[in-house]
1. Of all the residues that make up the range 544-568, how many are of a type outside the set (Val, Ile, Thr), within 21 Å of the chain's Cα centre (by Cα) and either at pLDDT 90 or above or surrounded by fewer than 24 Cβ atoms within 10 Å (Cβ to Cβ) (or both)?
2. Among the residues of the range 140-147, is there at least one that is surrounded by 15 or more Cβ atoms within 10 Å (Cβ to Cβ), of a type in the set (Gly, Ala, Ser) and in contact (Cβ under 8 Å) with a residue 40 or more places away in the chain?
3. List pairs: first residue in the range 388-411 and farther than 15 Å from Val523 by Cβ, second residue of a type in the set (S, T, N, Q) and modelled with pLDDT of 95 or more anywhere in the structure, Cβ distance under 7 angstrom, at least six positions apart or on different chains.
4. Test Ala445 against the criterion of being assigned to a helix (DSSP H, G or I) and more than 21 Å from Phe546 (Cα to Cα), and give yes or no.
5. Where residues in the range 181-239 are part of a helix (DSSP H, G or I) and β-branched (Val, Ile, Thr), which of them is surrounded by the fewest Cβ atoms within 10 Å (Cβ to Cβ)?
6. Count, please, the residues in the range 129-139 that happen to be part of a loop (DSSP other than H, G, I, E, B) and either closer than 15 Å to Leu154 by Cα or at pLDDT below 95 (or both).
7. Can you confirm whether the range 321-330 contains a residue that is under 30 Å from Gln442 (Cα atoms) and either among the basic types (Lys, Arg) or touching a Phe, Trp or Tyr at 6+ places or on another chain (Cβ under 6 Å) (or both)?
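The values are calculated or read from the model by the stated rules, or taken from the named source; none is laboratory data. Fair warning: this is a prediction, and the values are worked out from it, not measured in the lab. All Cβ positions, glycine included, derive from the backbone under ideal geometry; neighbour counts span all protein chains shown.
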Amino acid sequence: MDIVAGFHYLLAILIQNVAFTSAFSYGLHGGRRQLGWICGTKCLSHLQNVQYGLTEKDKIYHNGGRFRSHERYGQPDSASVVSENDKESINCFLEEQERRKNMQKTDHGDCLASAYLQKRLQNIVNGIDNSQIIDCFGLNRYKSFTYFLDDKELVEQVVAVMRQYRKNLSPLLLFGEPIAIKDNISVKGIPFSNGSQLFDGYRSTYDAHVVQQLRDQGAIIIGKTIMNEFGVGSETVGALNPFGSQYMIGGSSGGAASAVSGNIVKMALGTDTGGSIRLPAALCGCVGYRPSYGLLSRYGISELAAKLDVVATCTNNVLDSIRLVYSMMKPCYKDYTSLENTESVSKGMLSLMSPDSIDSSGAGKGHEMESVNCGQSRLDGIKIASLDPAYLLSNEMIDTVVADHIKEVEATFRTLGAEVITVKPPDLHEMSKKYHIYVASQMAANLQRFADRQYHQSSNHLTVEEMMQKMEATTVQRLKMGIDILRKGHDTEKVLESARDNITSWLSRNGIFTDIPLLITPVSAGVAPEKSGDLAISDTIKDDTFNTLAPIIGACSIALPSLATYNALPCSFQLTAAQFNDVEMLRVAMIYESHIAKNETGGDSEDMKYVG
């Protein structure tokens, strides 16, 4: 059986068994099983029966036969009738939001979603139609979203938040914060597409663990963001880079990055397997934080590669990243990867937040309980390793812009008192190739696994050709690669183990994560490039060159903008630390962020142009 035949065989199994009946049967109602591969690893057999079908809001649009998920949100229903109790809860919610805003010592402005949420809730109380409010606010101006929650769904959240607020003895850390969620994370009752037409019409029947924790801290989920199909690839097609629609945005959490960079929301939740949050954050000038593996539960996220996937955050500053992750750190018994020995990390993150607002540096962004409490503003005595930019440049791994930028970052850390030690990198290309071999095999295996658990009526089968037309070319390419690897019997666990051993050996030889706690690397080979057609797997491997080290060893990593720009495009770098050394990494990141905010003149470059 050749590769193509193997591919067709797997797709035939997929067609025979997949339970996403609504992807093949519009408007069909009936009992459904919960998606097996969307649960935490410990709960693959978790099944739920739920009645659901397509509504008008679930309609999709096609452009030349190609799925355009950013147009799926449609027009939300208006909640014309709201109970008096609900109106009271909404008014109390708005009053509490205003009280908190007035308590801020510095006004750093609201994101667009905050004003939108306030106006929408006021309209609900006053019986004003909200059917055009998303377009009026331009909430999807960067094509970041696949779905916006309607009046009823927002009111339910507000009522729940006020109920939680009244019974909670301590203030909710994220009270009223509008948050966007990547479309591979389950939100109960909300469409879940995983970036694919194959999920069209499916609605999650439960909240991901991290989503429930956000709710418990008072956050308001406003919508789901666009992503690459199944999280595959390094460019989110459809979403626009706020620094210019002609520039690439990165992936697979491109929708999250565009929403944050465009100031639609201040905080967005994504995932990171091999750079999925850090690359788009870097190309859009945001902070992309990949927490240590095991720090946050994966229960309720779509699995790409179980040993590498983490829930990650995209924000405008380091402090908001801390607030988000701290709010979600409660261990989850439904996911064995959610480790319970993270209490010290939680305490450390709490120590980085204090009730006092930061001064003019702006790092705290004027939030309650959210300023730098680093204990110092310098890094005297701290050692930081940095991949030698001259070596990377001479080997064509980065361009001159990134090389010069990394040198500037090193100089800034030296100014802050740190000892920066340049080191020759490991074989990053080989490491990235091994990563992609492992992920491709995991993807193919995962598709087989959830196919085996599902079913749908035979009268609604799709042909192989129809199935392939509904999948993105990048997905099909990666799937073929994974099928071929599995068919040939390669031991991909040994491939991953080999990559991990090589990295560990390199770290040990250089004293990194022992004597030297932090590592500086680029995020990408250059600033955001202009769009130029479909990316090949070789391009994806190159894009991921600097982003696969952390996931292979379970480390934490954070992509940081430096406020430097090239042709009005943001320049970024990343810090990486050992697993569960998140607090030290975040502390150093906050000090760096505070320093450049105080010393850079004017903030954003005058020639930065945003897409209207």
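1. To start, the set of residues in the range 544-568 that are of a type outside the set (Val, Ile, Thr) comprises 544, 546-547, 549-551, 554-557, 559-564, 566-568.
Restricting the remaining residues to those that are within 21 Å of the chain's Cα centre (by Cα) gives 544, 546-547, 549-551, 554-557, 559-562.
Imposing the further condition that a residue be either at pLDDT 90 or above or surrounded by fewer than 24 Cβ atoms within 10 Å (Cβ to Cβ) (or both) reduces the set to 546-547, 549-551, 554-557, 559-562.
Qualifying residue count for the region: 13.
2. Start the filter on the range 140-147 by keeping residues that are surrounded by 15 or more Cβ atoms within 10 Å (Cβ to Cβ), which leaves 140-147.
After this cut, where a residue has to be of a type in the set (Gly, Ala, Ser) as well, the list is 144.
Now narrow it down to the ones that are in contact (Cβ under 8 Å) with a residue 40 or more places away in the chain: 144.
Checking the range 140-147: at least one residue is surrounded by 15 or more Cβ atoms within 10 Å (Cβ to Cβ), of a type in the set (Gly, Ala, Ser) and in contact (Cβ under 8 Å) with a residue 40 or more places away in the chain.
3. Between residues of the range 388-411 that are farther than 15 Å from Val523 by Cβ and residues that are of a type in the set (S, T, N, Q) and modelled with pLDDT of 95 or more, the close pairs are Asp388/Thr422; Leu393/Thr400; Glu410/Ser386.
4. Numbers: assigned to a helix (DSSP H, G or I): yes; more than 21 Å from Phe546 (Cα to Cα): yes.
Against the criterion (assigned to a helix (DSSP H, G or I) and more than 21 Å from Phe546 (Cα to Cα)), Ala445 qualifies.
5. Of the residues in the range 181-239, the ones part of a helix (DSSP H, G or I) are 197-199, 209-216, 229-231.
With β-branched (Val, Ile, Thr) added as a condition, the list becomes 210-211.
Values: Val210: 28, Val211: 26.
It comes out as Val211.
6. Narrowing the range 129-139 to residues part of a loop (DSSP other than H, G, I, E, B): 129-132, 138-139.
Then drop every residue that is not either closer than 15 Å to Leu154 by Cα or at pLDDT below 95 (or both), which leaves 129-131.
Qualifying residue count for the region: 3.
7. yes
Rundown of residues vs (1) under 17 Å from Ile185 (Cβ atoms); (2) out of contact with any helix residue (DSSP H, G or I) (no Cβ under 9 Å at 6 or more places or on another chain); (3) hydrophobic (A, V, I, L, M, F, W, C); (4) at pLDDT 95 or above, yes/no style:
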site	(1), (2), (3), (4)
Ala282	no, no, yes, yes
Arg290	yes, no, no, yes
Gly300	yes, no, no, yes
Leu304	yes, no, yes, no
Thr313	yes, no, no, yes
Leu319	no, no, yes, yes
Ile322	no, no, yes, yes
Cys332	yes, no, yes, no
Asp335	yes, no, no, no
